[in-house]
Structures are given as C-alpha cells and as structure tokens.
Amino acid sequence: MKHALPLLAVLAFPLAAAAQPAAPEKLFQSGADIPRLIAQAKANQKSPTVNSVVPIVTVMPYRVLLEYRTGLTPPTLHHGEAELVHVLKGAANLATGGHLTGIQPPRPGNPTDVGTGIEGATKRHIVEGDYVMVPPSTAHQFQDVEGEFVIMSVHMPVPGK
C-alpha cells in the first residue's frame, strides 16, 4: 500500500494538470486602448533594463503582446517559434543571427534560450511602423534603444522547427 500512494500521485498529476483552466481568450482590443496598455506596461516596469509585457489579444498558442522597453535586455533564441515584431513607438537596433554566448539554463517547458551576449549578428535599425519577422531558432536582441521603445510581438510555433 505504501508504494501505491506515490504511484497514484504520479498517475493523477496529468489529470490535475489537464484540469487547469486555459488562458482566457481575448479576441479583440481596440486601437484606442493601446495608449492605456502602453501606460500599464510602463507602470509595471521596475527597472530600465526590464522588458515589461502586456497581452493585447490571445488565442492559445498565439499571444499578441505589447512589449515596453527603455534599455538593453538579454539576447534570446526561441526554439521552434518565429517572432513577428511591429514597432509601435521609438527606435532601436535589432541584432539577428549569429549565436548566443553565455546561455543560461532554460526553464522547464520554455522554448527560449537566454544568453549574456550575441556574436556574429547582423544589425538593422528599426523605427515606428516597421515590421520584422525573426525566423525560428534565430538569436536576436534589441540594442541601442532610443527612449521609449514599444513593440507588438507574436510568437508563432512553426511545426518541425
């Protein structure tokens, strides 16, 4: 009997995980609300090097996010996910390609590697109104942020990548 309890706990864990409610869908966000979301992201930011994120709309596994930055954030690489970026406000250099240095151990279930640097990347100056598609498994980093830099991003799983 004492061996049955751990086995029961292991077997019941997937059922408990499956019972967790999914993130609520949010199918519409008025353009008139974007300034309020920017203000919310700005208020949530605790440090100039932190990327503050607020959801705009969501249908899992897709989340359209508003990202507010005022400084350098670590470079990342999203395994199996492309990332669409639309610049809503400000300007920065986007370094893409090359490879991450100082990769930190990923959190379980997180498809993103985070590094301390990026080497061999190509830089592109991006400004308000620009769109960029970062291919799956491509190292990238927003650098040389000019003032408030606000983007809309969508991480899109790419099958087989």
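The values are calculated or read from the model by the stated rules, or taken from the named source; none is laboratory data. Everything quoted here is computed from the prediction, not taken from an experiment. For neighbour counting, all protein chains shown are included, and Cβ atoms are generated from backbone atoms with ideal geometry for every residue, glycine included.
Brief remarks follow.
- Screening A41 with (1) within 16 Å of the chain's Cα centre (by Cα); (2) assigned to a strand (DSSP E or B) gives one miss only, at (2).
- For the range 112-143, the candidate set comprises residues that are in contact (Cβ under 8 Å) with a residue 60 or more places away in the chain and within 18 Å of N51 (Cα to Cα); within that set, the residue that is surrounded by the fewest Cβ atoms within 10 Å (Cβ to Cβ) is Q143.
- I118 being in contact with a Leu (Cβ under 7 Å, 6 or more places away or on another chain) and at negative phi: yes
- Taking each residue of the range 90-111 that is touching a residue at least 60 places away in the same chain (Cβ under 8 Å) and surrounded by 15 or more Cβ atoms within 10 Å (Cβ to Cβ) and looking for partners that are of a type in the set (D, E, K, R) and in a strand (DSSP E or B) with beta-carbon atoms closer than 6 Å, six or more apart or interchain, yields G90/E146; G90/E148.
Listed here are the residues, each with its yes/no results for (1) in contact with a Lys or Arg (Cβ under 8 Å, 6 or more places away or on another chain); (2) of a type in the set (S, T, N, Q); (3) at pLDDT 95 or above.
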{"site": "S52", "(1), (2), (3)": "yes, yes, no"}
{"site": "L66", "(1), (2), (3)": "no, no, yes"}
{"site": "E119", "(1), (2), (3)": "no, no, yes"}
{"site": "E148", "(1), (2), (3)": "yes, no, no"}
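- Of all residues making up the range 41-52, the number that are closer than 22 Å to H78 by Cα and buried (at least 17 other Cβ atoms within 10 Å of the Cβ): 2
- Wholly enclosed strands (runs of 3 or more DSSP E) of the range 46-112 bearing at least 3 residues under 14 Å from the mean Cα position of the chain (by Cα) and either charged (D, E, K, R) or closer than 22 Å to G147 by Cα (or both): 52-59, 62-69, 81-96
- All of G109, G160, G80 fail the test of being of a type outside the set (A, V, I, L, M), farther than 24 Å from Q45 by Cα, touching a Lys or Arg at 6+ places or on another chain (Cβ under 9 Å) and modelled with pLDDT under 95, apart from G80.
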